[in-house]
Structure formats: structure tokens, C-alpha cells
Amino acid sequence: MANDLFNSFMTGPDEKGRFGQFGGRFVSETLMPLILDLEAEYEKAKTDQSFWDEMNYLWTHYVGRPSPLYFAERLTERLGGAKIYLKRDELNHTGAHKINNVLGQIILARRMGKTRIIAETGAGQHGVATATVCAKFGLKCIVYMGAHDVERQKPNVFRMKLLGAEVVPVTSGRGTLKDAMNDALRDWVTNVRDTFYCIGTVAGPHPYPAMVRDFQAIIGKEAKAQMQEAEGRLPDTVIAAIGGGSNAMGLFFPFLDDKEVQIIGVEAGGKGVNANMEHCASLTGGRPGVLHGNRTYLLQDDDGQILEGFSISAGLDYPGIGPEHSWLHEIGRAEYVAITDIEALEAFQLSCETEGIIPALEPSHALAHVAKIAPGLPMDHIICMNMCGRGDKDIFTVAKALGWDIVEAD
Amino acid sequence: MTRIDTRFAALKAEGKKAFVSYVMAGDPDYATSLEIVQGLPDAGVDVIELGLPFTDPMADGPTIQLAGQRALASGQTLVKTLELARAFREGDETTPIVLMGYYNPIHSHGVERFLEDAKAAGIDGLIVVDLPPEEDEELCIPAQAAGLNFIRLATPTTDDQRLPKVMQNTSGFVYYVSITGITGAANAVAGDVGPEVARIKAATDLPVIVGFGIKTPETSREIASVADGAVVGSAIVDLIGQGKSVTEVLEFVRGLAKGAHSV
């Protein structure tokens with residue numbers, strides 16, 4: 001087992017921003033000084049108690065942390081095997097885990113004297129979280145969003161506008177999340193002096209993957225303590241969904257050195273992980289490459305051209321994955337599986353029926369895998385799954401997929 | 001000595017500024033693109049930058065993005081781009097070719113295999129936008145060992161403290177990016193660029209060529225007058241995108257080259 005080769009899995013990245021061969025700083029020269037500057041400021045903030053005091057205050061009073069760890073009793077009964085706990089990050093302000101990270105980056109931006117915040121967004125959750133925190137601090141906010149996503153996520157576009165953000169529909173490339181990230185990087189290259197790029201996931205050039213992980217790790221830290229309180233021990237399995245992988249990295253990180261804890265990441269299998277490539281499962285269906293500042297597993301063709309992902313969930317619709325996940329995959333510390341759109345839709349309904357929780361489509365993927373493995377596990381096996389977002393934003397997509405017509409009449 | 005070194009030495013001996021042009025390989029298709037590239041030396045181009053198409057050109061504006069999409073749609077790949085260089089080489093042994101693009105297609109091809117194939121195709125240098133000095137071990141150092149120049153971008157954000165690091169493993173020439181921004185956006189201003197070029201030249205003996213934001217023969221002349229040469233890309237690629245004939249494209253290039261050479 002690869003586990004025996006490492007004293008600790010929590011020391012990465014190295015000084016070059018690498019997790020094994022993954023990560024790094026693959027950016028143009030214009031951005032390089034900005035990234036070094038950010039790294040230096042983050043290193044300072046990380047050990048500054050006043051930074052964490054401000055974070056903790058806002059996590060408590062603005063976001064509503066800690067999020068509960070909830071024993072899903074009826075779900076457990078229904079599946080008839082392992083005992084299932086849900087980490088309720090969907091109860092955060094703005095409805096997902098995204099705000100944990102945004103808060104950290106915006107506080108950092110303020111310390112750096114930046115006045116203009118840019119962000120990319122897919123489903124709109126990171127965009128809404130960024131617009132929210134910018135409104136709270138009176139900062140200018142510009143959100144890049146694929147034109148295709150602007151169309152399919154109208155409620156979130158309206159939310160961002162209400163919060164005072166400017167939403168820029170991205171038509172370059174094919175108008176999806178990766179193109180939104182390209183355009184955000186183009187903006188940053190152009191507006192280097194006053195602008196802070198608030199990346200929404202554990203990807204991008206170093207220090208973003210480590211920094212976003214550190215901000216999201218509050219999820220795992222809380223879950224660990226709460227599990228001790230509830231069960232007097234650690235869970236046997238932790239599970240989370242993965243697009244870029246920030247909620248998963250946040251849950252997994254504090255458990256990495258607890259080698260008895262099994263770690264499972266669930267990628268979006270779309271219409272199935274096969275030669276048609278209609279999925280977003282970078283680890284199970286891609287190979288290593290370099291995009292958006294880091295080396296990681298990517299969906300790409302034989303020529304190294306990036307392929308568009310496909311998933312019912314706009315939040316998982318990204319052809320890459322955070323470099324730390326690529327590393328955990330390669331050394332075997334975490335296991336990565338794929339769940340199809342159809343399986344995720346079934347799990348979405350299962351959560352609604354058994355627990356009265358309308359989950360986002362992203363954690364529905366994680367839940368679908370829980371539903372697959374729980375029945376075959378003993379009743380004293382404890383699973384902790386991150387319920388990383390609520391499903392209000394997805395009801396139109398789900399209604400359409402289930403053949404319901406819920407478009408409002410005048 | 002690569003063809004790049006030889007060419008710049010010759011220009012220096014003649015007291016001439018360099019004119020460098022950029023076109024995307026395979027834009028709008030392989031045959032037309034080859035015809036344009038073959039016509040560049042006669043139009044006055046001293047160094048050819050050949051774009052390697054990529055789906056996600058993060059440092060480029062809409063003009064180059066669209067050129068890449070046209071090239072990819074017409075079936076252009078890294079292998080076909082090297083083929084195009086080889087076809088050009090059959091008729092021109094002296095004009096240097098710099099392959100310019102992003103790392104992933106090269107990474108996907110495999111660095112070692114790529115360097116062999118590029119060398120065999122008659123490529124003389126590389127500009128890989130997303131490989132800063134911090135990632136020199138990836139491609140820069142192996143490329144130099146294989147006898148290819150690795151040309152680095154210096155930008156307005158590259159301060160004096162960082163400049164030596166950027167120059168350290170650079171060869172052939174230095175490409176100074178005149179603006180903070182993407183290709184084809186703002187206009188370069190000779191008055192701003194002059195002092196910056198002087199700053200770079202204080203840190204290197206290599207020729208300093210300026211690109212980004214040069215669109216007319218006049219700007220080409222103005223910029224060349226404060227540097228060792230000028231690069232034009234988007235303005236040429238724009239004409240290709242508009243479906244102009246090869247003759248029209250090359251006529252435009254001739255005007256730009258004349259501008260730079262009139263200094």
C-alpha cells in the first residue's frame with residue numbers, strides 16, 4: 001500500500017507548489033509577479049492570528065459555522081447498511097461551501113489593498129458567494145460566466161446582479177466554465193495593479209490550490225471533532241463530490257493522515273465514462289496535462305487540446321481537477337469513482353424523500369455513491385458525506401430531467 | 001549558433017532593425033497557411049513566429065483565439081504544424097522559425113519526442129507563454145540542450161529584481177510585451193516602451209524585440225526605432241480572419257516590414 005511510503009500526506013505542496021508531479025505555476029510572465037506577491041501575502045496571513053480571528057468571527061456570525069454533522073437516520077434505514085452522517089455545508093449562507101473560501105480570499109485581498117475582485121463561475125455558486133462577500137465589504141465585483149451557463153442558471157445570475165456584481169457572459173471558446181476561467185485570467189493580465197482574482201476551487205497556479213484547501217479545511221476539521229462527539233471515533237469512510245474538488249479537499253485534508261479512514265472522491269460521470277467523452281471525470285477518464293496554471297489530470301484529445309466536459313451539474317462541468325487530488329489518486333491515498341447523471345438524479349430524489357433535504361446536484365453524485373456502497377457495509381461502518389450545497393438552484397434542471405413543466409405562468 | 005542568432009547578427013552588422021511576424025499554423029487551413037508563411041521572407045519578414053493552435057490560449061485576445069479555433073476546426077495539430085515548418089524549410093534554409101504557443105500540446109506529445117521532431121522540422125526557437133522561469137526544468141533547459149532557442153517574454157510587471165531571473169535561461173532574443181494585457185488589445189506607445197527596452201537591455205546582451213499592440217506600419221516604425229525590432233501578430237491574423245487573399249495579407253505584411261526597416 002502506497003500509504004506506508006509517506007509519514008504524512010499533509011505537508012504538500014513543496015516550495016515549487018507541487019504535490020508530487022502535480023500543481024506548479026504555469027502562467028504567463030505578466031502574472032508571475034502577482035502570483036509570487038499573493039503567495040508571500042498568504043504566507044504572512046496564514047500565521048497571523050488577527051487574520052484567523054477575522055475569519056472565525058465571520059464564519060460564525062456571517063456564514064453560520066460550524067455547520068451541523070447530521071445523522072441521516074431514515075436514509076441509513078432505507079439503505080440498510082452503513083451508518084450515514086451528512087456534513088451540512090448546504091446550510092451555509094449562500095447555500096454552499098463556496099463561501100468558506102471566498103471569505104478567506106476577500107479578507108486577503110483587503111489586506112493587499114486590492115479594490116477590484118474578479119471571479120469565474122460555472123453553476124453560479126462561487127459567483128454568488130463572491131458577489132455576496134464583495135457587497136458586504138463594498139468591493140467592486142466582476143464575475144465571468146460562460147454564456148451557456150448564464151442561460152441555464154438564470155436565478156443565480158439575477159442573485160449576483162442584486163448583490164451589485166457585474167456578470168460578464170463569456171462567449172470565447174465554447175462559453176463554459178473553462179472559458180470563463182480563461183477570460184478571468186485575461187482580465188487579470190490586463191488589470192494587474194488593483195485586481196484580485198478570487199478562484200473558486202482548489203485549482204489554478206500555486207498558491208491557489210493550497211490556499212483554497214486551507215480555507216475549505218474548516219469542513220473536515222469540524223467534521224472530525226463532531227464525529228468524535230457523536231460516535232467517540234473517526235468515520236470509516238469520508239465521501240465528497242468533485243468538480244474542481246474544493247469541497248472534497250476541504251473534507252479530506254484533515255483526515256489524510258488518519259490512514260484507517262477510507263477516502264472516496266466522486267466525479268461526474270455524465271452519460272458514462274467511455275470513448276464518447278460525455279463526462280467530467282478527469283481522473284477516471286483523463287490524463288495528466290497543463291491548464292490554468294497547474295499540471296493535473298485533464299480531459300484532452302491526442303493532440304493535447306482540451307475537451308469540454310459534460311454533466312447535468314453545471315458545478316462539476318470542468319475538464320480538470322485540483323492537483324492535490326491528482327496526487328492523492330496517483331499515490332493511492334484516495335479512491336476516485338464516477339457517478340452518472342441518472343444515478344445522481346435518483347440520489348437527489350432519495351435525499352428529498354428520506355431526509356427532507358433538497359440537495360444540489362453536485363453532492364447528489366456523492367450521495368449516489370453512498371447509496372451504492374452503504375447496503376453492502378456492516379451497520380457499525382460509519383460514512384461521513386459532505387452535503388456541500390442545497391438544490392434550490394437545480395430545481396429547474398431536475399424538473400426538466402424528470403419531465404415536469406414548472407415554468408411560471410403570468 | 002541557431003538561425004535566429006545568425007539572423008540577428010546579420011541585421012546588427014547591417015545596422016537594421018528586425019521585423020517579426022506572427023501567423024497561426026493552419027489558419028484558415030493548412031494549404032493557405034503554408035502559402036502565407038512561404039511568402040513572408042519575400043515580404044520582408046526577418047523572423048517567423050508560427051502559432052501552435054490551442055483550445056485555451058489564456059494570454060491571447062479574440063483575434064488569436066479565433067485563429068486557433070479556425071486552425072483546429074480545419075484539422076491542424078502539433079504534428080501538422082511541424083509538417084508545415086518542414087515544408088517551408090524545403091524552400092528556405094535561412095529564415096528562422098519560432099514556434100509560439102502553450103505548453104499542453106507539447107506536454108501531450110512528450111517533451112523529448114517534441115524536441116527531436118521540432119529540430120528535425122527546422123524549428124529554431126520556442127516561445128511557450130505559460131512556462132515562466134519557475135518552470136524552466138520542464139522545457140526551457142531541455143530545449144536549449146537540444147540546440148533550440150528558448151525565447152522569454154518580459155513584461156511591464158517584470159521588475160528589476162525579477163529581471164535577472166527572467167533573462168537567465170533566455171536565448172535568441174527577448175520578447176518585450178509592450179502592455180499589461182492580451183494580444184491584439186491596447187495600442188503600444190513608443191514613448192512608454194523606449195525606457196522599458198533600455199531597462200531590459202541593461203540586463204541582457206540579447207536583442208530586444210517588442211510586441212503586443214502594434215497594428216500599423218507607423219507604429220511598427222516607431223517601436224522599431226526604440227528597440228531591436230517589432231513583432232506584429234493580431235493585425236495580420238485579423239486580415240486572414242476576414243478571408244483576405246494571400247496576396248493582400250502579404251502586401252500588408254510588406255508595409256509593416258517596411259515600417260520597421262525604415263528606421
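Structure notes:
- The single condition among (1) in contact with a Phe, Trp or Tyr (Cβ under 9 Å, 6 or more places away or on another chain); (2) more than 19 Å from residue A:318 (Cβ to Cβ) that residue A:225 does not satisfy is (1).
- For residue B:151, the conditions (1) within 14 Å of another protein chain (Cβ to nearest Cβ); (2) closer than 19 Å to residue B:119 by Cα; (3) surrounded by fewer than 23 Cβ atoms within 10 Å (Cβ to Cβ) are fulfilled apart from (3).
- Top-ranked residue of region A:70-112 - restricted to ones that are in a strand (DSSP E or B) and within 19 Å of the chain's Cα centre (by Cα), ranked as nearest to residue A:157 (Cα to Cα): A:96
- Hits in region B:101-137 (condition: hydrophobic (A, V, I, L, M, F, W, C) and within 8 Å of chain A (Cβ to nearest Cβ)): B:106, B:129, B:131
- Failed condition for residue B:19, given (1) more than 14 Å from chain A (Cβ to nearest Cβ); (2) open to solvent by 10 Å² or more (accessible area, probe 1.4 Å): (2)
- Close pairs (7 angstrom Cβ cut-off, 6 or more residues apart or separate chains): under 15 Å from residue A:195 (Cα atoms) in region A:29-48, surrounded by 19 or more Cβ atoms within 10 Å (Cβ to Cβ) and among the aromatic types (Phe, Trp, Tyr) anywhere: A:31/A:188
- Pairing each residue of region B:77-89 that is within 14 Å of chain A (Cβ to nearest Cβ) with any residue that is assigned to a helix (DSSP H, G or I), provided the two are 6+ apart or on different chains, yields C-beta distances under 6 Å for B:78/B:105; B:78/B:109; B:82/B:117.
- Residue list for region B:1-45, restricted to those being closer than 17 Å to residue B:71 by Cβ and among the β-branched types (Val, Ile, Thr): B:23, B:32, B:36, B:37
- Restricting attention to region A:144-176, the residues being within 14 Å of chain B (Cβ to nearest Cβ), open to solvent by 10 Å² or more (accessible area, probe 1.4 Å) and at pLDDT below 90 number 4.
- Residue match in region A:260-282 (condition: touching a Phe, Trp or Tyr at 6+ places or on another chain (Cβ under 9 Å), open to solvent by 10 Å² or more (accessible area, probe 1.4 Å) and at pLDDT 95 or above): no
- Where helices (runs of 4 or more DSSP H) fall wholly inside region A:238-355, the ranges with 1 or more residues that are away from every other protein chain (no Cβ under 14 Å) and within 30 Å of residue A:32 (Cα to Cα) are A:246-252, A:282-285, A:323-331.
- The set of residues from region B:24-50 being out of contact with any Ser or Thr (no Cβ under 7 Å at 6 or more places or on another chain), assigned to a loop (DSSP other than H, G, I, E, B) and either within 14 Å of another protein chain (Cβ to nearest Cβ) or buried (at least 24 other Cβ atoms within 10 Å of the Cβ) (or both) comprises just one member, B:46.
- Each residue in region A:356-378 was checked for being in contact with an Asp or Glu (Cβ under 9 Å, 6 or more places away or on another chain) and outside any helix (DSSP H, G or I), and 5 pass.
- Positions within region A:17-52 being closer than 20 Å to residue A:329 by Cβ and within 14 Å of chain B (Cβ to nearest Cβ), in sequence order: A:17, A:18, A:21, A:22, A:23, A:24, A:26
The values are calculated or read from the model by the stated rules, or taken from the named source; none is laboratory data. Being a predicted model, the structure only gives us computed values, none of them experimental. Positions of Cβ are backbone-derived with ideal geometry, glycine not excepted, and every protein chain shown enters the neighbour counts. Note: areas computed on protein heavy atoms with side chains; ligands, DNA, RNA excluded. Shrake-Rupley method; radii C 1.70, N 1.55, O 1.52, S 1.80 Å.
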